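The values are calculated or read from the model by the stated rules, or taken from the named source; none is laboratory data. As the structure is a computational prediction, the values presented were derived from the model and not from experiment. Please note: Cβ atoms are built from the backbone with ideal geometry, for glycine as well, and neighbour counts cover all protein chains shown. The accessibility values were calculated without ligands, DNA or RNA, using every heavy atom of the protein model including side chains. Shrake-Rupley method; radii C 1.70, N 1.55, O 1.52, S 1.80 Å.
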Amino acid sequence: MPEIPINSLRELCENIYLKAGASEEEAKILVDNLIQANLYGHDSHGVLRTIEYCNYIKNGVIKPKTEPEIVKENEFALIMDGHWGFGQVAVYKAMKKVISKAKKTSIGVAVVFNCNHCGMLGYYTLMAAKEDMIGFAAANSVAMVAPYGSRERILGTNPLSIAIPAGRHKPFLLDFATSVVSGGVIELAQARREKIPLGWLLDDEGRPTTNPEDYEAHKEEKHGALLPFGGYKGSGICMAIEILGGALAGSGVSKTTTDNGVFLMALDVNFFQPIEEFKSEVDRLIDLIKKSKKAQGFTEVFYPGELEYRKEQSLREKGGIFIDDEVWNKLLRLDGELSKSRK
Ligand SMILES: NC(=O)c1ccc[n+]([C@@H]2O[C@H](COP(=O)([O-])OP(=O)(O)OC[C@H]3O[C@@H](n4cnc5c(N)ncnc54)[C@H](O)[C@@H]3O)[C@@H](O)[C@H]2O)c1
């Protein structure tokens, strides 16, 4: 597993996207999102995606050099058509607009449709937190999750992120799929021939299973269905996101494609409370949580985002990001192939 210096990894990936047809602006926005996912320890949404995205470019699913378009707008809200360019670029641009609206009016909201996979949602909510705003993001995605009580794949893994600025502490950063785990985690267990815990997956008959082979993403013969987190409560949140990203954004519910329908919102804290008072209350809550008596089996209590910030710090101190041998070799091969096809 090679440890790649962050700047070298950034440069390699940007070059791959440029050779695959992206503009410089697109390559920069996209790769910054992917690298940040690696730095936060969310490798499933990091540079590894480059292999899949370049395939999508080849097949015409992702259209490079595409400018997202605002199709409807008022002083608070906007609807953005991603025109099937890079999802990260459309959502980044929509969030920039949301933040500028919130600066003027106290709130900004956007939905994005015709939007390819947009990666780690926390990237966008943190953009708001850095401006002393509370950022919200949610997206529906390909149907792989059975609602509570069902065995059918109807909902997406539907991620949710909320970022909240703090004072002495780094922002609160909630950012997760609303399925217990993603399909990628089950595929990893398949590759490693490991059993999975009960509560992650149902087999085709709707029985809880520990066999990862009961899950076959995107294949017809054996489906299996991921389970939502938190029983009927998590299932309800997953369904609400399906509606925000699917029905409200206009990108369709219960998707059969790989894209995202996205909902974004930013609240300007200063409109509601003086920002410094707000931040000191958030700090106080984080302190209470950090100093609280530990439950049996726990040595530390973490607040959302804390593990990601620690991971980033440790990777930066080590000077690089660990990339699986297989992924690294594929990236180098892709770079070589794209260089040849440009000649
Ligand atoms: N675009 C898409 O379609 C899509 C779909 C699914 C997931 N995602 C992204 O994938 C990434 C990973 O999602 P995931 O569901 O695997 O995340 P995860 O299960 O690792 O959960 C991460 C969240 O839980 C918090 N957390 C983790 N352990 C904790 C602990 N011990 N104590 C307190 N808090 C803790 C983290 O700080 C973070 O907020 C996210 O960035 C998400 O946005 C995107």
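Among (1) under 25 Å from SER150 (Cα atoms); (2) more than 20 Å from the chain's Cα centre (by Cα), which single condition is GLY261 missing?
Just one mismatch for GLY261, condition (2).
Looking at (1) more than 20 Å from ASP268 (Cα to Cα); (2) open to solvent by 50 Å² or more (accessible area, probe 1.4 Å); (3) out of contact with any strand residue (DSSP E or B) (no Cβ under 6 Å at 6 or more places or on another chain); (4) more than 11 Å from the ligand (Cβ to nearest atom), find the lone condition where LEU198 falls short.
(3)
Given the conditions (1) aliphatic (A, V, I, L, M); (2) surrounded by fewer than 22 Cβ atoms within 10 Å (Cβ to Cβ); (3) more than 21 Å from ASP32 (Cα to Cα); (4) more than 9 Å from the ligand (Cβ to nearest atom), report the number of the one that MET127 does not fulfil.
The one condition MET127 does not meet is (3).
Within the range 138-166, which residues are open to solvent by less than 10 Å² (accessible area, probe 1.4 Å) and either near the ligand (Cβ under 9 Å from one of its atoms) or free of Cβ contacts under 8 Å to residues at least 24 places away in the same chain (or both)?
Selection gives ALA139, ASN140, GLY156, ASN158, SER161.
So which residues in the range 96-118 are within 10 Å of the ligand (Cβ to nearest atom) and either open to solvent by 10 Å² or more (accessible area, probe 1.4 Å) or not assigned by TED's automatic domain parsing to the domain that holds PHE271 (or both)?
Listed by number, the list holds a single entry, HIS117.
Regarding ASP175, is this residue open to solvent by 10 Å² or more (accessible area, probe 1.4 Å) and under 13 Å from the mean Cα position of the chain (by Cα)?
So ASP175 fits the description; yes.
Picking from GLN273, GLN296, which residue would you name as being within 16 Å of the ligand (Cβ to nearest atom), open to solvent by 60 Å² or more (accessible area, probe 1.4 Å) and either free of Cβ contacts under 8 Å to residues at least 24 places away in the same chain or of a type in the set (A, V, I, L, M, F, W, C) (or both)?
GLN296
Which pairs have Cβ atoms under 7 Å, sit 6 or more apart or on different chains, and link a residue in the range 13-40 that is in contact (Cβ under 8 Å) with a residue 12 or more places away in the chain and in a helix (DSSP H, G or I) to one that is aromatic (Phe, Trp, Tyr) and open to solvent by 20 Å² or more (accessible area, probe 1.4 Å)?
Listed pairs, sorted by first residue: ILE29/TYR92; ASN33/TYR123; GLN36/TYR123.
If only one of ASN74, ASN59 is away from the ligand (no atom under 14 Å from the Cβ) and either over 30 Å from PHE271 (Cβ atoms) or touching a His at 6+ places or on another chain (Cβ under 6 Å) (or both), which one is it?
ASN59
Every residue, every condition in (1) open to solvent by less than 60 Å² (accessible area, probe 1.4 Å); (2) modelled with pLDDT under 95; (3) touching a Leu at 6+ places or on another chain (Cβ under 8 Å); (4) more than 15 Å from the ligand (Cβ to nearest atom), yes or no:
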| position | (1), (2), (3), (4) |
| --- | --- |
| PRO2 | yes, yes, no, yes |
| LYS19 | yes, no, yes, yes |
| GLU26 | yes, no, no, yes |
| SER44 | yes, yes, no, no |
| ILE79 | yes, no, no, yes |
| TRP84 | no, no, no, yes |
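Conditions tested, residue by residue: (1) β-branched (Val, Ile, Thr); (2) open to solvent by 70 Å² or more (accessible area, probe 1.4 Å); (3) in contact with a helix residue (DSSP H, G or I) (Cβ under 6 Å, 6 or more places away or on another chain); (4) over 26 Å from SER161 (Cα atoms).
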residue	(1), (2), (3), (4)
PRO208	no, yes, no, yes
ASN211	no, no, no, yes
LEU227	no, no, no, no
GLY230	no, no, no, no
LYS233	no, yes, no, no
ILE241	yes, no, no, no
LEU244	no, no, no, no
THR256	yes, yes, no, no
